[in-house]
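Take a look at the structure set out below.
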Amino acid sequence: MQAQIKTIKEKAIHEIEKTEDLKILNDLRVKYLGKKGELTLILRGMGALSPEERPIIGSAVNKAKEEVEALIIEKEEKLEQQELNKKLQEETIDITLPSTKIVRGSKHPVNRVIEEIEDLFVSMGYDVEVGPELETDEFCFERLNLPKGHPARDMQDSFYITNEYLLRTQTSSVQARTMLKNTEKTPIRMICAGKTYRREDDATHSHQFSQVEGLVVDYKERNVSLADLKGTLEVFVKRLIGENLDLRFRPSYFPFTEPSYEVDVTCFKCSGKGCPLCKQTGWIEILGAGIVHPNVLRMNGYDPDKFSGFAFGTGLERLAMFKYGITDMRYLYTNDVRFLKQFDRKD
Ligand code: PHE
């Protein structure tokens, strides 16, 4: 009996040592130690032994079982470790490699300017309005005192989609929309920024550009005057671009304001000395503005005997150029990330 145990044990040890496979190792466990395993069967058959033999054989089998079990566990750990090492080797991850950078976009300078203007005007009690880029002739021109055939339309020769629909040539269309929406119910203080389109394409103009519009309409008794317009624009330009700039109001013409002005600001490049950018004048035109024309008030639901106000409009690309010292407008639209990235910093 003892010899049989020894043979089984040695066979088991031999097979365990030989195997390099976890599954086979598990089969061996069943084969020797399982319910019907070879060593287990000897224990079962002990009933046939004499009482003296029983404890001797019993302890011999148990010892053999323990030895085999220990060996299997040891081998199991070794094989598992080997498998892990193999996996680690095959799936090498070099943790010293720099990670792939996630490229984060940055705000476009024109959008930065829009946000800053909106913040400033909201702080002065204005509402921020929006209007459609695909606009009707009615809102883009007619309701702004520019009937069909008006010569001032020529300056905005534009992208008509149909006879009635066009890409808006000015954010002034939102003046009419805002007035009609309110119709004498309330005084108006609004600004609106957005894209505008004209059929122009040369070194200093692009067929798509951006404007911001401002409109104030209030009861006549409140006396909204040119002085208010001037004060507002001074705060606007100085806050946005620089406190040391001068503003100049030149008489001009817009069909929707009377009187009308063009507003110039000291050239940022030469500080007013005269240079090619300002055509040697020392000034750069940035704004159109004026007192809202009575026809415009009337056409859009505000009685000009009871209400008056001012309006202004400006190109945002110009303002961005001034603010950031950009000397060529085309940089704003060529999508060169190296250019755009320069503005990606905390202000
Ligand atoms: N809409 C005018 C333009 O595009 C600017 C303007 C706005 C002038 C409001 C007066 C009042 O040229």
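Ordered by packing density, taken as the mean number of other Cβ atoms within 10 Å over each peptide's residues, highest first, how do 97-105, 23-31 rank? Each step should come with its number before you reach the end.
On the way: 97-105: 6.3, 23-31: 15.3.
Taking the mean over residues of other Cβ atoms within 10 Å, the ranking is 23-31, 97-105.
Say each of Lys31 and Asp127 gets a label point 7 Å from the Cα, pointing the same way as Cα to Cβ; how far apart are those two points in nm?
8.8 nm
I need to check one value: relative contact order of segment 2-90, counting alpha carbon pairs closer than 8 Å and at least 6 residues apart, in percent.
36 percent
Between the alpha-carbon centers of segment 48-75 and segment 171-188, tell me the distance in whole angstrom.
100 Å
Counting only protein heavy atoms and a 1.4 Å probe, tell me what percentage of the chain's accessible area is made up of carbon and sulfur.
Carbon and sulfur together cover 53 percent of it.
Starting from the amide H of Thr196, placed 1.01 Å from N in the peptide plane, find each other amide H under 5 Å away whose residue is 5 or more places distant or on another chain.
Phe209, Ser210, Gln211
Which whole-number value in Å² is the accessible area per residue of segment 109-346, probe 1.4 Å? Don't skip to the answer; put the middle values down first.
Values: 11640 Å² over 238 residues.
On a per-residue basis, segment 109-346 sits at 49 Å².
Which three extents, in angstrom, do the Cα atoms of the chain have along their principal axes, listed largest first?
Extents along the principal axes: 129, 48, 40 Å.
List the DSSP H helices in the chain whose Cα atoms stretch 18 Å or more along the helix axis and whose mean Kyte-Doolittle hydropathy is at least 0.0. List each step's numbers first, then the result.
Values: long enough: 2-18 (24 Å, -0.91); 53-90 (55 Å, -0.95); 109-123 (21 Å, 0.25); 226-240 (21 Å, 0.52).
Taking the DSSP H segments of the chain (at least 18 Å long, mean hydropathy at least 0.0), we get 109-123, 226-240.
Which whole-Hz ³J(HN,Hα) couplings does segment 261-266 yield from phi under the Karplus relation 6.51 cos²θ - 1.76 cosθ + 1.60, θ = phi - 60°, glycine and proline marked x?
Values per residue, Gly and Pro as x: 9, 10, 10, 9, 10, 3 Hz.
Grab the Cα-Cα distance for Leu180 and Glu80, subtract it from 0.36 nm times how many residues apart they are, and report the gain in nm with one decimal. Don't skip to the end; give the middle numbers.
Working: separation 100, 0.36 × 100 = 36.00 nm, distance 7.90 nm.
Between Leu180 and Glu80, full extension yields 28.1 nm more.
Compute the separation of the alpha-carbon centres of segment 1-34 and segment 297-339 and state it in Å as a whole number.
Here the answer is 89 Å between Cα centres.
Under the 0.36 nm per residue contour assumption, what length would be gained going from the current alpha-carbon distance of Ile73 and Ala152 to full extension? Walk me through the numbers on the way to the answer.
Numbers: separation 79, 0.36 × 79 = 28.44 nm, distance 9.51 nm.
Separation in residues times 0.36 nm, less the Cα-Cα distance, equals 18.9 nm.
What is the dipole size for the chain, taken about its Cα centre, with +1 at each Lys and Arg Cβ and -1 at each Asp and Glu Cβ, in debye to the nearest 20? List each step's numbers first, then the result.
Values: 51 positive and 56 negative charges, 88 e Å.
About 420 debye.
Would you please put 107-116, 307-316 in order of how densely packed they are, using the mean number of other Cβ atoms within 10 angstrom per residue and starting with the highest?
307-316, 107-116
Which shape class applies to segment 111-151: rounded if a/c is under 1.5, otherwise prolate when a/b exceeds b/c and oblate if not, where a ≥ b ≥ c are the square roots of the Cα gyration tensor eigenvalues? Show your work: numbers first, answer last.
Working: a/c = 3.16, a/b = 2.53, b/c = 1.25.
Prolate is the answer for segment 111-151, as a/c is 1.5 or above and a/b outweighs b/c.
Counting other C-beta atoms within 10 Å, and keeping those with at most 10, which DSSP coil trypsin sites (Lys or Arg not before Pro) do you find in segment 155-241? Write out the running numbers ahead of the final one.
Values: sites: Arg168, Arg177, Lys181, Lys185, Arg189, Lys195, Arg198, Arg199, Lys220, Arg222, Lys230, Lys238, Arg239; in loops: Arg168, Lys185, Arg198, Arg199.
Listed in order of number, the matching sites are Lys185.
List the residues, sorted by chain then number, that are 5 or more residues from Thr257 or on another chain and whose placed amide H is less than 5 Å from its amide H.
Under 5 Å from the amide H of Thr257 lie the amide H atoms of His293, each far enough along the sequence or on another chain.
Provide the per-residue ³J(HN,Hα) series for segment 151-160, in order, calculated from phi with Karplus coefficients 6.51, -1.76, 1.60 and θ = phi - 60°, each as a whole number of Hz, with x at glycine and proline positions.
For segment 151-160, the Karplus curve yields x, 5, 5, 4, 5, 10, 2, 9, 8, 8 Hz.
Could you compute how fast segment 2-90 diffuses translationally, taking Rh as the Kirkwood radius over C-alpha pairs and applying Stokes-Einstein at 37 °C with viscosity 0.692 mPa s? Give it in µm² per second.
Details: Rh = 14.1 Å.
Translational D for this selection: 234 µm²/s.
Quick one: what are the phi-derived ³J(HN,Hα) couplings along segment 268-281, Karplus 6.51/-1.76/1.60 with θ = phi - 60°, whole Hz, x for glycine and proline?
Values, residue by residue: 6, 7, 10, 6, x, 6, x, 7, x, 4, 9, 6, 6, 8 Hz.
Can you work out the FRET efficiency for the pair Gln4 and Glu66, with r the C-beta to C-beta distance and R0 = 22 Å, to the nearest 0.05?
Efficiency, rounded to the nearest 0.05: 0.80.
Which one, Thr327, Cys192, Leu180, is farthest towards the positive end of the dipole of segment 109-346 when Lys and Arg carry +1 and Asp and Glu -1 on their Cβ?
Thr327
Can you give me the pair-distance distribution of segment 294-337, C-alpha pairs, 10 Å bins, whole percents?
P(r) for segment 294-337, in whole percents per bin: 23, 28, 14, 22, 13, 1.
For segment 238-316, which GluC sites (Glu not before Pro) are in a loop by DSSP, counting at most 15 other Cβ atoms within 10 Å? Show your work: numbers first, answer last.
Working: sites: Glu243, Glu262, Glu285; in loops: Glu243.
Qualifying residues, ordered by number: Glu243.
The values are calculated or read from the model by the stated rules, or taken from the named source; none is laboratory data. It should be emphasised that the depicted structure is a prediction, and the values quoted were computed from it without experimental measurement. FYI the Cβ positions are ideal-geometry reconstructions off the backbone, even for glycines, and counts take in every protein chain you see. For the accessible areas, the whole protein counts, side chains as well, though only heavy atoms, and no ligand, DNA or RNA atoms are used. Shrake-Rupley method; radii C 1.70, N 1.55, O 1.52, S 1.80 Å.
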